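See structure below.
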Amino acid sequence: MAYYFDDAAAVCNLNNSDIKDTLNCISSTYMYKNPAKAYIARPFLNTGIRRGKDYRYCADLNALYPDAENGAYVYMRGVYASASNSSIQFTVIPYGPVKIWMNGKEVFASDIFTERYADKAVTFSIPVKKGRNSILLRCTKTKSGFGAEFGTWLGKLDYRFYSGMKGCSEYEGIDLTLPSKEKNTALETDCSAGQSLADKNKDFFLAPAQWTDDEVKKGNFGRIFGTQAVFGRGVAAAVSYIRPLAGDYRVECKYEGSFSLFVSGKKVLSGEGSGKLSSDIKLSGKKYLVEIVSECPDPTQGKWACDVAFIGLNGQKVAFESVFFDERTPESAAAFPWAYTGLFSEAKYIPFNRSSLACIGNECRWYQLDKPHCWVRLYNENNLFGHWNYPLGVTLYGLVELGRKLSVGSEEDVKKGARIKNYVKAHVSQSVASFDYARFDKAMFGGATGVHHLLTSIDSLDDCGSFGSLMLETSKDLDIGEYHKIADYVGEYIVNCQDRLPDGAFFRKEMMHHFHNGTMWADDLYMSIPFLCRYAKYTGKMTILDDAVSQFEGFKKRLFMEENGLMAHVYDFNRDMNTGVPWGRGNGWTVFSLTELLQVLPENHPKREFLLSFYRTLCKAYLSCQDEKGMWHQVLNMKESYPETSCTAMFISAFARGLRNGWLTEDTEKYREACEKAWKALTRISIDVKGNVYGVCRGSEFAFNPRYYAEHLLPRLNDTHGIGIVILAGVELLRLQASD
């Protein structure tokens, strides 16, 4: 009987456990459910209350309102978008009296104890409904403090609030009021995010700043960038799209400041000084990128502008469309058809990429909007595509290896392989292209980023090693762009910055997630070793491989349990002991990472025999833990714990690699039988006919009690901790079969 679904739904009923067919089914389902999508762009006001480096909103109201009287109230409001009826873990650090409502219901009120310490966090759960939810905070000015820090309970957990102001609902941000001695009881009792709160209280919350009449007179470039040159010259650019019908058009430019107009990269008009120019142009019915590159005129003129129009024979003007905003942000698309970037010291065409900074030589800038203090900001609101995290590093590793395997098969296989590799390329390329933007975002907007939030707040191997390894692997045969900068960034962190014990072994010392402080995790072998293996080849430095070897020495010393031949999940330095719990995936990470190193370590390396001996010892213990159906369990020596898919796949991969490479020299038939039995078990127990993967343990914390793993870390459907390694297991079995 199947464990996670009815027997009839198992993929083995469809294909008799055929490996290639099963892998095609899983990969097709994954790519269909997570299609390639661009990051979403939103306007962002770089004023007021922003998220800080710990990803919480920082509302120091004493700084914002230094003249507020004691006893005055300030209200803050944000809208939280939820995909389902659920709850969020919420943290508040009161600087003074704070009361919080969610959707009109009071959920928190500070007291003298929670207000006592300005750095004391209070965490609690807030119910949310599917769709828009409105949170309201009321802060009271006292002599001791005024305001609060609030938001996510865990650093780097990227959830955010949006404005409730009319016309600004697509902006990230917190609405706030001026200080008042009067409470707004109507707002406190009726704060429904489903209605336009701005209409109900249109004179209550502060509206975003608008250009003054004098600023408007300075022209579009002048009001955004000023009219004073920098670097001896002041050059800026503006970009937009047009979608004209096919035909003949006249393009007109009225300008103050020398300009060049480009249409899809081709210069079509230019002028010096100031004036008005026009030219005829023939356009087809497609989308064109339009860019203006303009140089600031004599600053004594006080105006810097370039206004462009494309006019048809009927006199009708072609509408401009935003290069950033689309149907996901219709308010912003209508309000901001142009995006602006500058200042530069040279006037040149800038190739546009919505995920990359605009660069002329070494001068790189981002994009602003025609509104005071308003910028374009990127957010990855896709479920999985385009994200950088360690489970996706494994997922895409499985996909790229499957793509390679299929590319040497039949004509149909080659087509499938190309489709898979193109998907991986799109994901990794987007991550690579947006890296410089993400670092700009962190520096410019307070520290919390909506793209690459792990890399920009890096404080662990989890943040970088797995996906960094996948990136280097992918770069071998796919053009993923300028990945070298990220490779060196990750390499610098792992080799020189990651915390180590005196013997050089990695451990988790000080992280945003404080629960992990002072620990060593078996998981971190996978978060480091595969990257170090590839980075050693990338740099040509053998010492990096030596470092990878030494990690196994340090981790074995602290986590290996001689009595059963298994690895404990975590070593807790606060208690000076390991947990004694052989978590399935933790052991999987260990042995799979060991095979990654053995594949590239020179045969004459002095520590190779140590690694082979350790590998064989682990494999022997794992072989004894396989159940009669072919699965390994969540806790390896606790058969009543559930059959876990990701560790089962990891052991298949590790055994298959050992057999193919001759590392396993004893009981080879038993290991081969174990691989085949485990694969059949996965196709019967863990994979359904639609390519869904069941039975994968979610990301874990740690405990000394095995029942935490067995009863609290319950399995999930289509969790990325398991999809990629299942694919890799199948690929390794295919390679093993081909080597016979």
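The values are calculated or read from the model by the stated rules, or taken from the named source; none is laboratory data. Because the structure is predicted, anything quoted here is derived from the model rather than measured. Every residue, glycine among them, receives a Cβ derived from its backbone with ideal geometry; neighbour counts consider all protein chains shown. Side chains are part of the model used for accessible areas, which takes the heavy atoms of the whole protein and leaves out ligands, DNA and RNA. Shrake-Rupley method; radii C 1.70, N 1.55, O 1.52, S 1.80 Å.
Looking at (1) more than 22 Å from Y367 (Cα to Cα); (2) of a type in the set (D, E); (3) over 13 Å from the mean Cα position of the chain (by Cα); (4) part of a helix (DSSP H, G or I), which one does D436 not meet, given that it meets all the others?
(1)
Tell me which residues, restricted to segment 357-381, are surrounded by 18 or more Cβ atoms within 10 Å (Cβ to Cβ) and modelled with pLDDT under 95.
The answer is I360, and nothing else.
Of the numbered conditions (1) among the hydroxyl-bearing types (S, T, Y); (2) under 30 Å from G691 (Cα atoms); (3) open to solvent by less than 10 Å² (accessible area, probe 1.4 Å); (4) touching a strand residue (DSSP E or B) at 6+ places or on another chain (Cβ under 7 Å), Y55 fails exactly one; give the number of that condition.
Of (1) among the hydroxyl-bearing types (S, T, Y); (2) under 30 Å from G691 (Cα atoms); (3) open to solvent by less than 10 Å² (accessible area, probe 1.4 Å); (4) touching a strand residue (DSSP E or B) at 6+ places or on another chain (Cβ under 7 Å), only one is false for Y55: (2).
Looking at segment 27-36, is at least one residue in contact with a Pro (Cβ under 9 Å, 6 or more places away or on another chain), assigned to a loop (DSSP other than H, G, I, E, B), surrounded by fewer than 19 Cβ atoms within 10 Å (Cβ to Cβ) and modelled with pLDDT of 95 or more?
Taking every residue of segment 27-36 in turn, none turns out to be in contact with a Pro (Cβ under 9 Å, 6 or more places away or on another chain), assigned to a loop (DSSP other than H, G, I, E, B), surrounded by fewer than 19 Cβ atoms within 10 Å (Cβ to Cβ) and modelled with pLDDT of 95 or more.
Taking segment 426-454 as the region of interest, how many residues are of a type in the set (A, V, I, L, M, F, W, C), open to solvent by less than 10 Å² (accessible area, probe 1.4 Å) and in contact with a helix residue (DSSP H, G or I) (Cβ under 6 Å, 6 or more places away or on another chain)?
Of segment 426-454, the ones of a type in the set (A, V, I, L, M, F, W, C) are 426, 428, 432-433, 435, 438, 440, 443-445, 448, 451, 454.
Still in the running and open to solvent by less than 10 Å² (accessible area, probe 1.4 Å): 428, 435, 438, 445, 448, 451.
Next, from what is left, pick out any that are in contact with a helix residue (DSSP H, G or I) (Cβ under 6 Å, 6 or more places away or on another chain): 428, 435, 438, 451.
Result for segment 426-454: 4.
Every residue in segment 668-709 that is surrounded by 15 or more Cβ atoms within 10 Å (Cβ to Cβ) and polar (S, T, N, Q), please.
Correct list: T683, S686, N692, S700.
Of the residues in segment 152-174, how many are part of a loop (DSSP other than H, G, I, E, B), farther than 18 Å from D462 by Cβ and of a type in the set (D, E)?
Residues meeting the conditions: 1.
Do we have D547 as over 17 Å from Y708 (Cβ atoms) and over 33 Å from the mean Cα position of the chain (by Cα) here?
Criteria not met by D547.
Which one of these does S550 not meet: (1) open to solvent by less than 50 Å² (accessible area, probe 1.4 Å); (2) not in a helix (DSSP H, G or I)?
Failed condition: (2).
If E252 satisfies every condition in (1) acidic (D, E); (2) without any contact (Cβ under 8 Å) to a residue 60 or more places away in the chain; (3) closer than 26 Å to F44 by Cα but one, which is the exception?
The single condition E252 does not satisfy is (3).
This table checks each residue for (1) part of a loop (DSSP other than H, G, I, E, B); (2) of a type in the set (A, V, I, L, M, F, W, C); (3) in contact (Cβ under 8 Å) with a residue 24 or more places away in the chain.
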residue: D54; (1), (2), (3): yes, no, yes
residue: A59; (1), (2), (3): no, yes, yes
residue: N62; (1), (2), (3): no, no, yes
residue: D67; (1), (2), (3): yes, no, no
residue: N70; (1), (2), (3): yes, no, yes
residue: Y75; (1), (2), (3): no, no, yes
residue: G78; (1), (2), (3): no, no, yes
residue: A81; (1), (2), (3): no, yes, yes
residue: F90; (1), (2), (3): no, yes, yes
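If I ask for residues that are assigned to a helix (DSSP H, G or I), of a type in the set (S, T, Y) and farther than 22 Å from L566 by Cβ, which ones from segment 483-526 would you list?
If the condition is that a residue be assigned to a helix (DSSP H, G or I), of a type in the set (S, T, Y) and farther than 22 Å from L566 by Cβ, then Y489, Y493 are the ones that fit.
All but one of (1) modelled with pLDDT of 95 or more; (2) surrounded by fewer than 17 Cβ atoms within 10 Å (Cβ to Cβ); (3) in contact with an Asp or Glu (Cβ under 7 Å, 6 or more places away or on another chain) hold for S345, so report the exception by its number.
Going through (1) modelled with pLDDT of 95 or more; (2) surrounded by fewer than 17 Cβ atoms within 10 Å (Cβ to Cβ); (3) in contact with an Asp or Glu (Cβ under 7 Å, 6 or more places away or on another chain) one by one, S345 breaks only (1).
Starting from segment 661-683, take each residue that is on the phi > 0 side of the Ramachandran plot and of a type in the set (D, E) and list its partners that are open to solvent by less than 10 Å² (accessible area, probe 1.4 Å) and assigned to a helix (DSSP H, G or I), counting only C-beta distances under 7 angstrom and pairs at least six apart or across chains.
Cβ pairs passing all conditions: none.
If a residue must be part of a loop (DSSP other than H, G, I, E, B), among the basic types (K, R) and under 27 Å from the mean Cα position of the chain (by Cα), how many such residues does segment 320-369 contain?
2
Collect the residues in segment 483-506 that are open to solvent by less than 20 Å² (accessible area, probe 1.4 Å) and either of a type outside the set (F, W, Y) or free of Cβ contacts under 8 Å to residues at least 40 places away in the same chain (or both), keeping them in residue-number order. Working first, answer last.
In the first step, residues of segment 483-506 are kept if they are open to solvent by less than 20 Å² (accessible area, probe 1.4 Å); the result is 486-487, 490-491, 494, 498, 504-506.
Of everything in segment 483-506, those that are open to solvent by less than 20 Å² (accessible area, probe 1.4 Å) and either of a type outside the set (F, W, Y) or free of Cβ contacts under 8 Å to residues at least 40 places away in the same chain (or both) turn out to be I486, A487, V490, G491, I494, Q498, G504, A505.
With the checklist (1) open to solvent by less than 10 Å² (accessible area, probe 1.4 Å); (2) over 25 Å from T329 (Cβ atoms); (3) not acidic (D, E) in hand, flag the one item T114 doesn't pass.
(1)
So D719 clears everything in (1) touching a Ser or Thr at 6+ places or on another chain (Cβ under 6 Å); (2) closer than 29 Å to N13 by Cα except one condition, right? Which one?
(1)
Going by what's in this entry, would I480 be described as open to solvent by less than 10 Å² (accessible area, probe 1.4 Å), closer than 19 Å to G403 by Cα and part of a loop (DSSP other than H, G, I, E, B)?
Numbers: open to solvent by less than 10 Å² (accessible area, probe 1.4 Å): yes; closer than 19 Å to G403 by Cα: yes; part of a loop (DSSP other than H, G, I, E, B): yes.
Considered against the rule, which asks whether it is open to solvent by less than 10 Å² (accessible area, probe 1.4 Å), closer than 19 Å to G403 by Cα and part of a loop (DSSP other than H, G, I, E, B), I480 comes out as yes.
Here are the criteria: (1) part of a loop (DSSP other than H, G, I, E, B); (2) crowded, with 23+ Cβ neighbours inside 10 Å. Tell me which single one N718 does not satisfy.
(2)
Are any of the residues in segment 155-163 at pLDDT 85 or above and over 32 Å from the mean Cα position of the chain (by Cα)?
no
Can Y526 be described as buried (at least 20 other Cβ atoms within 10 Å of the Cβ) and over 30 Å from R575 (Cβ atoms)?
Criteria not met by Y526.
For F310, which of the numbered conditions (1) of a type in the set (F, W, Y); (2) surrounded by fewer than 20 Cβ atoms within 10 Å (Cβ to Cβ); (3) more than 38 Å from the chain's Cα centre (by Cα) fails to hold?
(2)
Just wondering, is there one or more residues in segment 395-411 that are free of Cβ contacts under 8 Å to residues at least 60 places away in the same chain, outside any strand (DSSP E or B), touching a Gly at 6+ places or on another chain (Cβ under 6 Å) and surrounded by fewer than 22 Cβ atoms within 10 Å (Cβ to Cβ)?
Yes, some residue in segment 395-411 is free of Cβ contacts under 8 Å to residues at least 60 places away in the same chain, outside any strand (DSSP E or B), touching a Gly at 6+ places or on another chain (Cβ under 6 Å) and surrounded by fewer than 22 Cβ atoms within 10 Å (Cβ to Cβ).
Quick check on this structure: which one of S84, S125 is touching a Lys or Arg at 6+ places or on another chain (Cβ under 9 Å) and over 30 Å from V323 (Cβ atoms)? Show your work before the answer.
On the way: S125 fails: touching a Lys or Arg at 6+ places or on another chain (Cβ under 9 Å).
Result of the check over S84, S125: S84.
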